[in-house]
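Undergrad: Handing you a structure now.
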Amino acid sequence: MPSTTRRNRRRDTPPPRTGSTESEVLRGFLDYLRSSIAAKVDGAPEPQVRTAAVPSGTNLLGLLHHLTLVERSMFLGDDVTDWQATFRAAPTDSVADVVARYRDAVERANDVLDGCTDLGAPVPRPRPDRPAPSIRWALTHMIEETGRHAGHADILRELIDSTTGR
């Protein structure tokens, strides 16, 4: 466990000021959470970044790997058959690899969302085997999912090297 005598503090970033439309608010908060969790993982030391700190096996790198696949499933149509397995990054994946893949998935998801003007319309993804949720539902779910795991990441990163803040 790291010493608590000296804390690694990051400047805490307040919630975003967004535009006034529902879409601008939802996307602004989602992007805020996305950048927060990527920053939590970026630069985290090996092997602690992939070491479980709780009995469930949750680890910092696994959280970001999971969120990458959630983004890809929700907005790009990727099919995930074993969600539990998504909480483990490959042993050969570096922190930089996982962070880069997450940022790429977010960029690609945002490209899809940029073309969506009706929040009530289904997410345009190539998965005919199951109906797509509305864009409003998908954005709200992604805020919930990313926020939940960002909270986990806050705690895990502080346990690793005392780094706090968004």
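The values are calculated or read from the model by the stated rules, or taken from the named source; none is laboratory data. Given the structure is predicted, the values throughout are model-derived calculations rather than measurements. Counting neighbours? That spans all protein chains shown, and the Cβs are built from the backbone with ideal geometry, glycine included. Accessible surface is based on the protein model in full, side chains and every heavy atom, while ligands, DNA and RNA are left aside. Shrake-Rupley method; radii C 1.70, N 1.55, O 1.52, S 1.80 Å.
Undergrad: Compute a Gaussian network model of the chain, connecting alpha carbons closer than 10 Å, and tell me which residue from Thr146, Thr68, Thr81 fluctuates the most.
TA: Result: Thr81 has the largest fluctuation of those listed.
Undergrad: What spacing in nm lies between the two simple spin-label points modelled at Arg108 and Thr140, each 7 Å away from Cα in the Cβ direction?
TA: Computed distance between label sites Arg108 and Thr140 equals 2.7 nm.
Undergrad: Follow-up question, since we're still on this one. Quick query: amide H of Gly165 versus all other amide H atoms, modeled in the peptide plane; which residues come in under 5 Å with a sequence gap of 5 or more or a different chain?
TA: For Gly165, whose amide H was placed from the backbone, the distant partners under 5 Å are Arg10.
Undergrad: Carbon and sulfur: what percent of region 1-144's accessible surface (1.4 Å probe)? Write out the running numbers ahead of the final one.
TA: Details: 4420 of 8050 Å².
The computed percentage sits at 55.
Undergrad: Next question. Taking R0 as 22 Å, what FRET efficiency do you get between Val54 and Ala96 from their Cβ-Cβ distance, rounded to the nearest 0.05?
TA: Efficiency, rounded to the nearest 0.05: 0.35.
Undergrad: Calculate how steeply helix 135-161 sits against the longest principal axis of the alpha-carbon atoms of the chain, using the helix alpha-carbon long axis, and give the answer as 0 to 90 degrees to the nearest 10.
TA: Helix 135-161 sits at roughly 10 degrees to that axis.
Undergrad: Still on this model: Pick from Asp82, Asp154, Asp31: which residue has the top mean-square fluctuation in a GNM of the chain where Cα pairs under 10 Å get a spring?
TA: Asp82
Undergrad: How big is the shadow of the Cα convex hull of the chain, averaged over all directions, in nm²?
TA: For the chain, averaging the hull's shadow over all directions gives 10.2 nm².
Undergrad: With everything on Cα atoms, drop me the angle between helix 95-114 and the longest principal axis of the chain, reported from 0 to 90° to the nearest 10.
TA: 20
Undergrad: Next question, about the same structure. Can you tell me the length gained on complete extension of the stretch Asp129 to Glu24, counting 0.36 nm per residue apart and subtracting the Cα distance?
TA: My answer for the length gained is 34.8 nm.
Undergrad: Subtracting the Cα-Cα distance from 0.36 nm times the residue separation, let me have the gained length for Asp82 to Thr117 in nm, one decimal.
TA: Net length gain for the segment: 9.4 nm.
Undergrad: Return a whole-number percent for the relative contact order of the chain, with Cα pairs under 8 Å and 6 or more residues apart as the contact set.
TA: That works out to 38 percent.
Undergrad: Ok, one more. Can you give me the accessible area per residue for region 50-133, using a 1.4 Å probe, in Å²?
TA: Averaged over the residues of region 50-133, the accessible area is 51 Å².
Undergrad: Considering only Pro14, Pro131, Pro55, give the residue with the highest GNM mean-square fluctuation for the chain, with springs between Cα atoms whenever their separation is below 10 Å.
TA: Pro55
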